[in-house]
Amino acid sequence: MRAASKWIILMVSAFLLVGETGFCADVAKIGVVEFQRLFENSDAGKDIKAEITTQGKKMEAELQEKGAEIEEIKKRIEREALVMSKEMREEKEREFRIKVNDIKTLQKKYEVELQGVQKKLMGGLQSETLEIIDEIGKSGGYLLIMDKRGVLYSPTTIDITDEVIKQYNVQYAKNKKK
């Protein structure tokens with residue numbers, strides 16, 4: 001009887017161990033997305049970069065124009081300094097300082113505007129790509145999809161960035177036609 005009960009216990013244990021490996025056969029599918037590469041290589045990312053560059057150049061040109069005006073005022077003050085009265089020279093120097101402060105304020109304003117435009121456009125890109133990533137995750141059976149910046153190591157086989165870029169470019173082209 002003892003041998004039979006030991007044999008039954010051994011068989012039940014073996015069955016449980018073999019049965020347990022069946023549950024472990026499912027491997028968790030994990031993916032990573034590199035948002036920087038997505039931004040640089042997607043059509044929308046390239047359009048965003050072009051828009052920001054265009055606005056930045058326009059703002060820079062205006063700042064350079066104002067800078068040239070300030071330089072002209074400075075040269076005029078230096079040329080006419082000997083001929084001007086002390087009060088007139090002080091008034092011109094005060095006007096010059098006001099113009100310099102105005103251009104610095106305008107530069108800060110433009111920087112904030114440009115950052116706001118970039119944040120708005122990038123936010124739209126990110127929310128649209130997150131929807132695509134969600135779809136890929138559900139259809140591909142992924143357990144987890146992470147941003148690559150938070151991952152210290154990942155094999156290239158789990159990087160789905162190219163797939164996201166491809167699907168997003170298709171969606172972006174459709175939306176752009178509308």
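A few notes on this one:
- Yes/no for Lys58 being of a type in the set (Lys, Arg), part of a helix (DSSP H, G or I) and at pLDDT below 90: no
- Residues of region 75-103 satisfying the condition of being surrounded by 12 or more Cβ atoms within 10 Å (Cβ to Cβ), part of a helix (DSSP H, G or I) and among the hydrophobic types (A, V, I, L, M, F, W, C): Ile77, Met88, Phe96, Val100, Ile103
- Subset of region 150-178 [under 17 Å from Lys29 (Cα atoms) and not in a helix (DSSP H, G or I)]: Val151, Tyr153, Ser154, Pro155, Asp159, Ile160
- When region 136-160 is filtered for residues that are over 19 Å from the mean Cα position of the chain (by Cα) and surrounded by 12 or more Cβ atoms within 10 Å (Cβ to Cβ), the ones remaining, listed by number, are Ile136, Gly137, Gly140, Tyr142, Ser154, Ile158.
- Applying a threshold of 6 Å to beta carbon distances and a minimum spacing of six or more residues, or different chains, the list of pairs starting in region 76-102 at a residue that is farther than 20 Å from Gln64 by Cβ and ending at one that is among the β-branched types (Val, Ile, Thr) and surrounded by 12 or more Cβ atoms within 10 Å (Cβ to Cβ) reads Lys92/Ile77.
- Of residues in region 107-123 being under 19 Å from Ser42 (Cα atoms) and in contact (Cβ under 8 Å) with a residue 24 or more places away in the chain, the one nearest to the chain's Cα centre (by Cα): Met122
The values are calculated or read from the model by the stated rules, or taken from the named source; none is laboratory data. Note that this is a predicted model, so its numbers are computed, not measured. Cβ: placed from backbone, ideal geometry, glycine included. Neighbour counts: every protein chain shown.
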